[in-house]
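Student: Take this structure, written in structure tokens, and hold onto it; I'll ask about it next.
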Amino acid sequence: MAKITKTFVDKVQPPASGYDVHWDDTVKGYGLRVSAQGKRVFIAMGRVLGKPIQFTIGPYGVLTEDKARKRAQAVLQDMREGIDPRDAKKADEAMKVTLGDVCTAYVSRPGKLKVSTKDEYQRHVDKVFASWKDKPIVAITEDDVRKRHREIVEQGLEGKKGAPASANAAMVTLRILINFAGRQYRRADGTPLVRHNPVDVLKDHWAPLGSRTERYIDRRKIGEVWNKLHEARANPKNRDALAGIDLTLFLLLTGARRDEGATLTWEKVNIDDHDPSNCWWHIDDRKRGDPIWLPLSSQAVALLKKRRAAVDEDIAEGKTVSPFVFPSWSKAGHIRDARAPMETISGIVGKHLSLHDLRRSFTNYAMRECLIEKFRTDLLTGHKPAQEDITARNYLDLAHLDWLQPEVQRIADWIEQQAVVAASKNVVQLPVAGAAA
């Protein structure tokens, strides 16, 4: 034993191998561990409820001897009072856990979430709550939540147009992450890190969204929408703009969810020039259910063949190509939104619509205009049929849906027919030569 002082720490010699521990002769349990490499670390050793515990105070250099001694005295006193300093350290670290840390921990759990869901959670944290990402999660207050929710409802993410649905969805993500933090991290007294979820303050303030069933492209407007999208496709601003337009058309023709279309890769597309029923696209990361193979209409095939032709040209020129059908220069590598086409559509129909509303449009055209029964419409949109019977569940192949190609073709033909009607309304009939004035 020796009096541990700055001079002692500076002069003590490292052992030939392993490490030596030198105990202070005035503060029982306070020591210095010296390794063969010369590293000097202050430690404390005591008992907590009869159990021996050695606790690292910190390395010399980061801590002065005087600060290490004072910290050791405090730790040793906690041990005498039955407080395990390791638990206290964990609690102190938990208080510093950020929203970004919690999101990473939540989405990294193996086998718990689909890739699309992980991306959505990460997108909310990175964009909606960007200023909170590196903030301790315990520092997020009810006032913060109310203010941010109101900002998105009234101004959207870029301060231009309100986005109530996005505001609600983002806050649901935040609520889930904070609840997760409350279960996974503890304070020094053993209670949950988050005792009250600040998002609960929105219970009486969720933004009203109106009737979702009315959020689709009216049958009297779909023809004009179709023609406008093709006009835009003929002269896109850049590659990303074209991908956004084509993704919009693809969702109209398939009724797919946004992420299902946006993340589609070429390996999950099959085009057969001789057999329309063998033209399909595949989803294996579904929101609900097992993998599924969906039929393509001739219009969707034509769209995909145009995109594939451009890819093949790039390959022939030795260029690196993206695996995504609708690629983007963004970090994700694929289109995640189609703002310009959707603004065009919203302007035509007279109300704000999102890409998901194209799915509602497809469903309305299938059932109301093309008179396709609900069972088949459910299958085409990847929903589990509500009235699925024993025969369908046990004997019918509900994964390979090539037998529904006539139905998806009927919907696409109806949309194209409305486009022809809309175009004819814009044609001015010229007078016939020689006709009476």
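The values are calculated or read from the model by the stated rules, or taken from the named source; none is laboratory data. No experiment lies behind these values; they were computed from the predicted model shown. Using ideal geometry, Cβ is built from the backbone for each residue, glycine included, and neighbour counts are taken over all protein chains shown. Keep in mind that these areas ignore ligands, DNA and RNA; they rest on the heavy atoms of the full protein, side chains included. Shrake-Rupley method; radii C 1.70, N 1.55, O 1.52, S 1.80 Å.
Student: Calculate the dipole size of the chain relative to its Cα centre from +1 charges on Lys and Arg beta carbons and -1 charges on Asp and Glu beta carbons; express the result in debye to the nearest 20. Mind showing how you got there, number by number?
Tutor: Numbers: 71 positive and 58 negative charges, 367 e Å.
About 1760 debye.
Student: Of 161, 3, which has the most accessible area with a 1.4 Å probe, and how do the rest follow in descending order? All intermediate terms of the calculation are to be shown ahead of the outcome.
Tutor: Values: 161 120, 3 95 Å².
Solvent-accessible surface, decreasing: 161, 3.
Student: With contacts defined as alpha carbon pairs under 8 Å and 6 or more residues apart, what's the relative contact order of the chain in percent? Please report the intermediate quantities before stating the final value.
Tutor: Working: 590 pairs, mean separation 53.0, N = 437.
Relative contact order here is 12 percent.
Student: Are there chymotrypsin sites (Phe, Trp or Tyr not before Pro) in segment 110-194 that DSSP marks as loop and that have at most 15 other Cβ atoms within 10 Å, and which are they?
Tutor: On the way: sites: 121, 129, 132, 180, 185; in loops: 129, 185.
Of the chymotrypsin sites (Phe, Trp or Tyr not before Pro), not one in the loops of segment 110-194 has a Cβ with at most 15 other Cβ atoms within 10 Å.
Student: Something else about it: Please check: in the Gaussian network model of the chain (C-alpha springs, under 10 Å), which one of 140, 152, 57 has the largest mean-square fluctuation.
Tutor: Top of the fluctuation ranking is 57.
Student: Place a +1 charge on the Cβ of each Lys and Arg in segment 1-68 and a -1 charge on the Cβ of each Asp and Glu, then give the dipole magnitude about the Cα centre in debye, rounded to the nearest 20.
Tutor: Numbers: 10 positive and 6 negative charges, 33 e Å.
Using only the charged Cβ atoms, the result is roughly 160 debye.
Student: Which residue fluctuates the most in the chain, going by a Gaussian network model with Cα springs under 10 Å, if the choices are 255, 244, 156?
Tutor: Top of the fluctuation ranking is 156.
Student: Here's another thing I want to ask about it. For a quick check, take a GNM of the chain with Cα springs below 10 Å and name the residue from 23, 414, 266 with the largest mean-square fluctuation.
Tutor: Its mean-square fluctuation being the largest, the pick is 23.
Student: Find the accessible area per residue for the chain; the probe is 1.4 Å, ligands and nucleic acids are left out, and the unit is Å². Walk me through the intermediate numbers first.
Tutor: Numbers: 24520 Å² over 437 residues.
With the other protein chains kept in place, the chain gives 56 Å² per residue.
Student: With just the Cα atoms defining each centre, how far is segment 164-179 from segment 93-148? Give it in Å.
Tutor: Segment 164-179 and segment 93-148 have Cα centres spaced 10 Å from each other.
Student: If I compute Rg/Rh (Cα atoms, Kirkwood Rh) from the structure I just sent, which labelled value in (i) 1.06; (ii) 1.18; (iii) 0.96 lines up?
Tutor: (ii)
Student: I'd like the trypsin sites (Lys or Arg not before Pro) in segment 241-310 restricted to DSSP loop residues with at most 12 other Cβ atoms within 10 Å, sorted by number.
Tutor: Details: sites: 257, 258, 268, 286, 287, 288, 305, 306, 307, 308; in loops: 257, 286, 287, 288.
Loop-located and lightly packed - 288.
Student: On to the next question. Could you tell me the accessible area of residue 380 in Å² (1.4 Å probe, neighbours in place), rounded to the nearest ten?
Tutor: Around 10 Å² of this residue is reachable by solvent.
Student: Could you order 76, 242, 157 by accessible surface area, starting with the largest, using a probe radius of 1.4 Å?
Tutor: Listed by decreasing accessible area, they come as 157, 242, 76.
Student: Within the chain, what whole-number % of the accessible surface is contributed by carbon and sulfur, with the 1.4 Å probe and all protein chains included in the calculation?
Tutor: Numbers: 12610 of 24520 Å².
Looking at the chain in its full context, I get 51 percent from C and S.
Student: For residue 161, go through the lysines and keep the ones whose alpha-carbon is under 28 Å away, minus same-chain ones fewer than eight residues off.
Tutor: 118, 127, 133, 135, 147, 203, 221, 228, 237, 331, 351
Student: Within segment 58-165, report the GluC sites (Glu not before Pro) that DSSP leaves as loop and that have at most 12 other Cβ atoms within 10 Å. Walk me through the numbers on the way to the answer.
Tutor: Values: sites: 65, 81, 93, 120, 142, 151, 154, 158; in loops: 81, 158.
Loop-located and lightly packed - 81, 158.
Student: Roughly how many Å is it from the Cα centre of segment 288-352 to that of segment 41-73, as a whole number?
Tutor: 60 Å
Student: Once the Cα atoms of helix 142-155 and of the chain are each reduced to a long axis, what angle between those two axes, in degrees from 0 to 90 to the nearest 10, is obtained?
Tutor: Roughly 20 degrees, rounded to the nearest 10.
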